[in-house]
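Right, one structure below, let's go through it.
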Amino acid sequence: MATISGVIGFFISKKLTYANFDIHVDHAKAKAKAIEKEAELILQRANTKSHSLEVKAQQAYDSASDKAKKDLSERETDLRKKERHFNEHQEEEHEKVQRELNALKNQQISLQRHEKTLEKSKDEYIQRRQEAIKVVEGAAGMTREEAKEVLLSQVEEKSRADIAHIVRKYENLAKKEGEAKANFIIAQATSRFAGEFAAERLVSKVTLSDDELKGRIIGKEGRNIKALEALMGVDIIIDDTPNAILVSSFNLYRRAIATRTLELLIEDGRIQPARIEEIYNKVCEDFDASILKEGEDLIFEMGIKAMHPELMKLLGRLRYRASYGQNALAHTLEVANLAGIMASEMGGDAKLAKRAGLLHDIGKALTHEQEGSHVDLGAELCRRYNEDPVVINAVYAHHGLQEIESIECAAVCTADALSAARPGARREVLESFVKRVSEIEDIASEKTGVKQAYAINAGREVRVMVNATLVTDDEAILLAREIAEDIENRVQYPGEIKVNVIRESRAIVFAK
């Protein structure tokens with residue numbers, strides 16, 4: 001019974017399974033038909049869109065083709081017009097050239113005719129002139145050459161008296177001027193001659209114990225002497241003079257420092273760039289202290305009350321300054337002493353006159369370093385350090401820039417004139433030379449990037465030290481050319497001046 005029930009159940013379940021399968025098949029067929037219809041719709045839409053695109057593309061192609069044909073046609077028409085205009089212009093130019101050629105031919109023919117006419121006229125003129133000369137010669141009874149000689153002799157006789165008068169006049173004038181010039185030259189020579197002037201004023205001698213020291217001063221490949229000249233701004237002359245070298249510079253102060261530096265280096269024996277710089281700096285400090293001491297001694301000797309240390313220092317520095325060949329400090333002492341004596345005799349203040357005499361040229365101590373006249377620089381210094389108005393008046397008045405306002409000022413002006421007028425006291429040649437060399441240094445110093453500028457070799461060379469961080473090698477060449485052009489335009493000088501621009505960079509590190 002159970003077996004039968006199982007068999008019946010099996011068949012029933014199988015039947016149900018087949019029934020469900022048929023249902024799924026029907027559903028699948030329905031979906032497939034739906035998908036097929038949808039695919040047909042999509043295909044129809046794609047075909048429609050494709051046809052639309054083909055139509056648009058065809059229309060665009062036709063439009064572009066029409067436009068291109070139209071442009072081509074217009075360009076062909078424009079080209080034909082240009083070709084026609086060119087041909088017309090060419091024909092016009094050809095006709096114009098032909099007309100000009102014809103005109104030139106006509107002018108040439110006309111010129112040939114004029115030449116023939118001129119030749120004919122010239123021949124006629126010569127013939128008539130010869131005839132006229134023959135008529136004149138016949139009337140005068142002499143030839144043309146004879147008439148010329150007679151005329152010249154008459155003119156010579158009439159002019160001889162005038163010529164003699166003119167010659168006599170200028171002979172007398174030349175004698176007078178020659179006499180005056182000769183007297184002037186003799187007076188100048190007798191009152192201003194000084195045989196050893198140049199060597200005394202422009203050159204210092206450094207004595208050597210052995211000529212072998214010259215080689216050490218020069219150094220390997222000239223290293224030491226180059227360092228000395230560049231640092232001190234002087235010209236060191238090493239020649240065949242036994243046991244001696246010369247230091248040349250127009251600046252007395254700079255030359256004195258260089259001379260002392262060389263003497264200390266020779267005593268020390270260690271001559272090398274680093275030692276040179278060390279000794280040079282030490283000498284500069286010593287000189288600053290010594291000129292201050294010298295100024296203090298002058299004030300004490302003259303019996304003048306206290307003065308500002310800066311003014312005393314500048315007074316001491318006047319020893320290394322010359323004016324027209326006259327030592328500035330010697331001139332200052334002369335003026336101070338004379339002014340004191342004259343002021344005392346005239347009832348003025350002798351000490352105030354001496355003070356004004358000492359300070360009347362104080363600005364000359366700064367003219368090598370600052371721009372402006374020594375009068376303006378001196379007056380500014382006196383105002384800055386509260387000097388008496390009489391002193392300031394003397395500074396201005398001794399060059400006629402102010403009226404004399406006191407006895408003391410009058411004494412200073414008179415003393416200054418007496419000191420300068422003493423025969424042999426001054427030489428204008430040196431002053432003009434110093435001024436020219438100072439101008440050369442000023443021109444170089446005013447350029448951007450220049451640290452120091454020294455005129456050496458008697459003003460025939462200017463050595464310019466530049467800042468290596470501001471000036472490149474290429475700019476150094478341009479700077480040298482600019483300085484040379486400015487010197488040519490602004491300074492009068494004989495011969496030529498060498499402009500030497502030196503660019504040096506150093507790296508300094510301390511080991512600790």
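Simple point charges give the picture: +1 on the Cβ of Lys and Arg, -1 on the Cβ of Asp and Glu, and for segment 311-426 a dipole about the Cα centre of about 520 debye.
Note down the nm distance, to one decimal, between modelled labels 7 Å out along Cα→Cβ at Gln402 and at Ser110. Computed distance between label sites Gln402 and Ser110 equals 8.4 nm. The eigenvalues of the Cα gyration tensor, multiplied by 5 and square-rooted, give segment 256-330 an equivalent ellipsoid with semi-axes of 30, 15, 9 Å from largest to smallest.
Extending 7 Å from Cα along the Cβ direction at Asp26 and again at Ser52 yields two label points whose distance is 4.1 nm. Ranking Gln59, Ala28, Ala39 by how far each Cα lies toward the positive end of the dipole of segment 21-78 (charges on Cβ) leaves Ala28 at the top. Each of Leu381, Ile407, Leu314 was placed along the dipole of segment 311-426 (beta-carbon charges, centred on the mean Cα), and the one lying farthest toward the positive end is Leu314. Full extension of the chain between Ala330 and Lys176 gives 51.5 nm of extra length, using 0.36 nm per residue less the Cα-Cα distance.
On full extension, the segment bounded by Ser121 and Leu418 gains 98.5 nm, given 0.36 nm per residue less the C-alpha separation. Summarised in one figure, the compactness ratio Rg/Rh of segment 225-283, Cα atoms and Kirkwood Rh, is 0.93. With both labels modelled 7 Å from their Cα along Cα-to-Cβ, the Ala507 to Arg80 distance reads 8.3 nm.
Subtracting the Cα-Cα distance of Ala274 and Ile35 from 0.36 nm times their residue separation leaves 75.6 nm of extension gain. Scattering from segment 436-512 was approximated by placing one identical point on each alpha carbon and applying the Debye formula without solvent; log10 I(q)/I(0) at 0.17, 0.21 1/Å stands at -0.60, -0.85.
A Cβ-based charge dipole, computed about the Cα centre of segment 436-512 with Lys and Arg at +1 and Asp and Glu at -1, lands at about 440 debye. The HN-Hα couplings worked out from phi for segment 391-406 by the Karplus form 6.51 cos²θ - 1.76 cosθ + 1.60 (θ = phi - 60°) are 5, 5, 4, 5, 4, 6, 6, 5, 10, x, 8, 9, 6, 6, 10, 7 Hz, whole numbers, x standing for Gly and Pro.
For segment 311-426, the direction-averaged projected area of the alpha-carbon convex hull comes to 6.5 nm².
Any read-out appearing in this document is the output of simple, stated calculations on the displayed coordinates, not a laboratory observation. Since we're looking at a predicted model, the values are computed, not measured. Ideal geometry is used to build each Cβ from the backbone, glycine not excepted, and the neighbour counts take in all protein chains shown.
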